[in-house]
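Structure first, commentary second.
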Amino acid sequence: MDINLNYSGSQVILSLKGRFTFKDYEQWRKAVSEAVSRDGITSVVVDFSDVEFIDSAAIGMLLVLREEGQEKKVSISIENSQGQVHKILELSKMLELFSKN
Amino acid sequence: MIDQDFQEIEKRIYKSKILVVDDSPLNRELIKSYLTSVGFHNIAFAENGRQALDIIFGDSPDFVILDIIMPEVDGFEVLEKVRKDRRFDNLPIFVQTALNQEERLKVFNCGATGLLMKPINQAELLSSLKAHLQTGVLIKDLKSYSQRVSKDLDLAKSMQIDLLPNAHTLDFIEKKMGILIHSEFVTSDELGGDLWGVEPISDSLLSVYVLDFSGHGIMAALNTFRLSSFLKQVLQTTKSPSACLEKINKYLFDNLPTGQFATMFLGIVDLEEGKISYASASAPPPFIVNHETLEVLSGNGEGFPLGIVENGGYEDREMAFNTGSRLFLYSDGMSESCDHKGNMFDDEGIQNFLESNISEKRFFESVMRDFRVRKGNAGTEDDLTVVSLKRNA
């Protein structure tokens with residue numbers, strides 16, 4: 001999976017592309033810690049437009065992000081999920097969980 | 001074990017057994033003095049090829065220094081005989097030589113590990129010797145390490161199988177309750193993060209669950225062990241599926257690190273009422289296969305995975321379960337498998353397998369055969385659990 005970070009003001013958009021699985025753990029941790037710890041960031045948007053597949057490890061990684069966000073008072077949201085990815089995020093109530101931030 | 005201290009290895013190589021083969025007493029003494037002066041003391045000597053072979057096959061030395069031109073059995077013959085025996089593939093044999101180019105080639109063709117130029121130089125001898133003995137020690141360590149780990153994993157695997165319902169329990173449920181259970185449990189590594197079980201609650205109530213920890217391998221397996229005893233206790237003391245899931249959720253929320261979680265289906269079969277009440281924590285949807293009306297109905301798997309939020313708010317749901325019906329449960333290892341073209345089966349694909357086999361006599365076997373035939377090699381390798389409960393009476 002490719003991860004791109006786009007900063008605009010106090011918001012950062014994490015654009016994901018490809019298959020989001022356990023293999024992405026290292027780069028996900030790196031991207032997340034960079035995004036969340038930059039000065040002045042108050043909101044992280046994870047853009048799922050181009051994600052074709054997620055496995056359970058990806059859900060785990062989202063949860064780690066959520067916890068880091070809560071610690072650093074940064075709001076996290078998930079957007080534009082499609083197909084199987086959307087179904088899994090819905091089934092696992094991740095969309096609901098992340099909308100409560 | 002693997003990042004063992006270099007000094008420790010250095011110490012161990014001096015205990016190695018070294019065989020010196022030479023027909024000249026003077027040469028044997030010379031080599032012996034080279035070796036003992038730096039601390040090697042486990043040295044054997046052979047005066048000819050025949051003695052050398054006896055010692056190699058009898059004592060398996062760690063390193064051999066071999067002369068070529070000897071009476072009776074010469075060095076070439078020793079090499080040939082030793083290299084025919086696979087047990088000595090890794091035995092370093094260094095040949096002492098003053099031979100010409102052509103004969104040196106022959107020495108290598110016969111299986112020599114290296115050459116030592118005559119007259120033997122101490123520094124040259126010791127550097128070859130140490131390098132090969134170090135490798136030998138490391139290979140031995142790695143071998144014993146991997147043998148130990150694979151033995152441990154085999155044991156752990158059989159312990160994990162022991163967590164699942166045994167034949168005696170399944171037989172009891174078939175005879176007492178008229179419910180025939182089929183299952184399949186395959187781990188992608190030696191150990192897996194799936195677990196399933198059945199617990200009779202009374203003569204007419206039976207609980208059944210399929211659980212899948214995030215990830216697979218040893219870490220996920222440890223979680224199944226951690227949960228299994230707690231699970232038994234909860235199932236016997238809690239009335240509704242949603243209340244059970246709530247308790248398990250709280251337990252995992254308190255005990256799992258962030259990022260780890262489990263999905264779970266938990267149902268209670270009620271034979272008197274002809275229904276299954278169930279709750280789900282993000283498990284794949286349960287299917288009811290009715291072999292009389294030839295219908296396949298999908299349940300609802302929605303719910304927070306276990307261990308993520310403090311209060312999961314799980315819901316109790318219901319499906320009819322009459323004589324001739326079957327409850328079909330699976331972990332996402334089945335629905336997230338892909339066909340030969342790389343398309344994921346998804347829950348709809350599983351429903352298709354069930355519908356197309358609904359009239360088969362050996363339904364469960366047919367569905368699993370279909371699944372295996374249609375499944376390609378692509379996609380994520382995950383643990384696979386499939387459980388089917390058929391109500392016969």
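Out of B:VAL73, B:VAL64, which single residue is at pLDDT below 95 and either open to solvent by less than 80 Å² (accessible area, probe 1.4 Å) or more than 19 Å from B:GLY136 (Cα to Cα) (or both)? Before the answer, list the steps.
On the way: B:VAL64 fails: at pLDDT below 95.
Of B:VAL73, B:VAL64, the one residue that is at pLDDT below 95 and either open to solvent by less than 80 Å² (accessible area, probe 1.4 Å) or more than 19 Å from B:GLY136 (Cα to Cα) (or both) is B:VAL73.
Of all the residues that make up segment B:303-326, how many are touching a Lys or Arg at 6+ places or on another chain (Cβ under 6 Å) and open to solvent by 50 Å² or more (accessible area, probe 1.4 Å)? Don't jump to the end; show me each part of the working.
First pass over segment B:303-326, keeping only residues touching a Lys or Arg at 6+ places or on another chain (Cβ under 6 Å): B:304, B:318, B:320-321, B:323, B:325-326.
Checking the rest, the ones that are also open to solvent by 50 Å² or more (accessible area, probe 1.4 Å) come to B:318, B:320, B:323.
Residues in segment B:303-326 being touching a Lys or Arg at 6+ places or on another chain (Cβ under 6 Å) and open to solvent by 50 Å² or more (accessible area, probe 1.4 Å): 3 in total.
State whether one or more residues within segment A:61-72 are open to solvent by 50 Å² or more (accessible area, probe 1.4 Å), more than 10 Å from chain B (Cβ to nearest Cβ) and at pLDDT 90 or above.
The answer is no, given that none of the residues of segment A:61-72 is open to solvent by 50 Å² or more (accessible area, probe 1.4 Å), more than 10 Å from chain B (Cβ to nearest Cβ) and at pLDDT 90 or above.
Given B:LEU115, B:LEU133, B:LEU105, which one is hydrophobic (A, V, I, L, M, F, W, C) and touching a residue at least 40 places away in the same chain (Cβ under 8 Å)?
Values: B:LEU115 fails: touching a residue at least 40 places away in the same chain (Cβ under 8 Å); B:LEU105 fails: touching a residue at least 40 places away in the same chain (Cβ under 8 Å).
The match here is B:LEU133.
So which residues in segment B:211-243 are more than 14 Å from chain A (Cβ to nearest Cβ) and in a strand (DSSP E or B)?
none
Among B:GLU199, B:GLU174, B:GLU184, which is the only one that is at pLDDT below 95 and closer than 28 Å to B:ASN322 by Cα? Working first, answer last.
On the way: B:GLU174 fails: at pLDDT below 95; B:GLU184 fails: at pLDDT below 95.
When all the criteria are applied, what remains is B:GLU199.
Taking segment B:293-311, which residues are part of a loop (DSSP other than H, G, I, E, B) and either in contact with a strand residue (DSSP E or B) (Cβ under 8 Å, 6 or more places away or on another chain) or at the interface with another protein chain (Cβ under 9 Å from one of its Cβ atoms) (or both)?
If we filter segment B:293-311 for residues that are part of a loop (DSSP other than H, G, I, E, B), which is where we start, we get B:293-294, B:299-305, B:307-311.
Answer for segment B:293-311, where residues must be part of a loop (DSSP other than H, G, I, E, B) and either in contact with a strand residue (DSSP E or B) (Cβ under 8 Å, 6 or more places away or on another chain) or at the interface with another protein chain (Cβ under 9 Å from one of its Cβ atoms) (or both): B:GLY299, B:ASN300, B:GLY301, B:GLU302, B:GLY303, B:PHE304, B:PRO305, B:GLY307, B:ILE308, B:VAL309.
Quick one: which of B:GLU246, B:GLU318 is away from every other protein chain (no Cβ under 14 Å), among the acidic types (Asp, Glu) and assigned to a strand (DSSP E or B)?
Numbers: B:GLU246 fails: assigned to a strand (DSSP E or B).
Result: B:GLU318 is the single residue among B:GLU246, B:GLU318 that is away from every other protein chain (no Cβ under 14 Å), among the acidic types (Asp, Glu) and assigned to a strand (DSSP E or B).
Has segment B:157-175 got at least one residue that is open to solvent by 40 Å² or more (accessible area, probe 1.4 Å) and within 14 Å of another protein chain (Cβ to nearest Cβ)?
no
Looking at (1) touching a strand residue (DSSP E or B) at 6+ places or on another chain (Cβ under 8 Å); (2) within 14 Å of chain A (Cβ to nearest Cβ); (3) closer than 17 Å to B:ILE288 by Cβ, which is the one condition that is false for B:GLU348?
For B:GLU348, the failing item is (1).
Exactly one of (1) within 12 Å of chain A (Cβ to nearest Cβ); (2) open to solvent by less than 10 Å² (accessible area, probe 1.4 Å); (3) in a strand (DSSP E or B) is unmet by B:THR263. Its number?
(2)
For the condition buried (at least 21 other Cβ atoms within 10 Å of the Cβ), more than 11 Å from every other protein chain (Cβ to nearest Cβ), in contact with a helix residue (DSSP H, G or I) (Cβ under 7 Å, 6 or more places away or on another chain) and closer than 25 Å to B:ASP194 by Cα, what is the one hit in B:VAL289, B:VAL269?
Values: B:VAL269 fails: in contact with a helix residue (DSSP H, G or I) (Cβ under 7 Å, 6 or more places away or on another chain).
So the residue among B:VAL289, B:VAL269 that is buried (at least 21 other Cβ atoms within 10 Å of the Cβ), more than 11 Å from every other protein chain (Cβ to nearest Cβ), in contact with a helix residue (DSSP H, G or I) (Cβ under 7 Å, 6 or more places away or on another chain) and closer than 25 Å to B:ASP194 by Cα is B:VAL289.
If B:ASP162 passes every condition in (1) farther than 20 Å from B:GLU272 by Cα; (2) touching a residue at least 12 places away in the same chain (Cβ under 8 Å) but one, which one does it miss?
(2)
Any idea which of B:VAL82, B:VAL20, B:VAL38, B:VAL73 is assigned by TED's automatic domain parsing to the domain that holds B:CYS110, over 42 Å from the mean Cα position of the chain (by Cα) and closer than 23 Å to B:LEU105 by Cβ? Steps first, answer last, please.
Working: B:VAL82 fails: over 42 Å from the mean Cα position of the chain (by Cα); B:VAL20 fails: closer than 23 Å to B:LEU105 by Cβ; B:VAL38 fails: closer than 23 Å to B:LEU105 by Cβ.
Unique residue meeting the criteria: B:VAL73.
Going through B:GLU190, B:GLU184 one at a time, which residue ends up being in contact with a helix residue (DSSP H, G or I) (Cβ under 7 Å, 6 or more places away or on another chain), among the charged types (D, E, K, R) and either more than 17 Å from B:TYR330 (Cα to Cα) or outside any strand (DSSP E or B) (or both)?
Numbers: B:GLU184 fails: either more than 17 Å from B:TYR330 (Cα to Cα) or outside any strand (DSSP E or B) (or both).
Selected residue: B:GLU190, the only one of B:GLU190, B:GLU184 that is in contact with a helix residue (DSSP H, G or I) (Cβ under 7 Å, 6 or more places away or on another chain), among the charged types (D, E, K, R) and either more than 17 Å from B:TYR330 (Cα to Cα) or outside any strand (DSSP E or B) (or both).
Within segment A:9-21, can you find the residues that are out of contact with any Phe, Trp or Tyr (no Cβ under 7 Å at 6 or more places or on another chain) and open to solvent by 70 Å² or more (accessible area, probe 1.4 Å)?
A:GLY9, A:LYS17 - these are the residues of segment A:9-21 that are out of contact with any Phe, Trp or Tyr (no Cβ under 7 Å at 6 or more places or on another chain) and open to solvent by 70 Å² or more (accessible area, probe 1.4 Å).
Any idea which of B:SER150, B:SER202, B:SER207, B:SER144 is open to solvent by less than 70 Å² (accessible area, probe 1.4 Å) and within 13 Å of the chain's Cα centre (by Cα)? Lay out the reasoning, then the answer.
Details: B:SER202 fails: within 13 Å of the chain's Cα centre (by Cα); B:SER207 fails: within 13 Å of the chain's Cα centre (by Cα); B:SER144 fails: within 13 Å of the chain's Cα centre (by Cα).
Going through B:SER150, B:SER202, B:SER207, B:SER144 in turn, just one is open to solvent by less than 70 Å² (accessible area, probe 1.4 Å) and within 13 Å of the chain's Cα centre (by Cα): B:SER150.
Conditions tested, residue by residue: (1) under 21 Å from A:GLU67 (Cβ atoms); (2) charged (D, E, K, R); (3) touching a residue at least 12 places away in the same chain (Cβ under 8 Å).
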residue	(1), (2), (3)
B:TYR251	yes, no, yes
B:ASN255	yes, no, yes
B:LEU266	no, no, yes
B:GLU273	no, yes, no
B:SER277	no, no, yes
B:SER280	no, no, yes
B:ALA283	no, no, yes
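Checking the condition more than 13 Å from chain B (Cβ to nearest Cβ) and buried (at least 16 other Cβ atoms within 10 Å of the Cβ), which residue from A:VAL32, A:VAL85, A:VAL44 passes?
Details: A:VAL32 fails: more than 13 Å from chain B (Cβ to nearest Cβ); A:VAL85 fails: more than 13 Å from chain B (Cβ to nearest Cβ).
Only one candidate passes the filter, namely A:VAL44.
I'd like to know if segment B:327-335 contains one or more residues that are within 14 Å of chain A (Cβ to nearest Cβ), open to solvent by 20 Å² or more (accessible area, probe 1.4 Å) and out of contact with any Lys or Arg (no Cβ under 9 Å at 6 or more places or on another chain).
yes
Go through A:VAL32, A:VAL64, A:VAL12 for me and flag whichever is aliphatic (A, V, I, L, M), touching a helix residue (DSSP H, G or I) at 6+ places or on another chain (Cβ under 7 Å) and assigned to a helix (DSSP H, G or I).
Details: A:VAL64 fails: touching a helix residue (DSSP H, G or I) at 6+ places or on another chain (Cβ under 7 Å); A:VAL12 fails: assigned to a helix (DSSP H, G or I).
One residue alone meets the criteria, A:VAL32.
The values are calculated or read from the model by the stated rules, or taken from the named source; none is laboratory data. Source: prediction; values computed, not measured. Note: ideal-geometry Cβ built from the backbone for every residue, glycine included; neighbour counts use all protein chains shown. Side chains included, ligands, DNA and RNA excluded: accessible areas come from the protein's heavy atoms. Shrake-Rupley method; radii C 1.70, N 1.55, O 1.52, S 1.80 Å.
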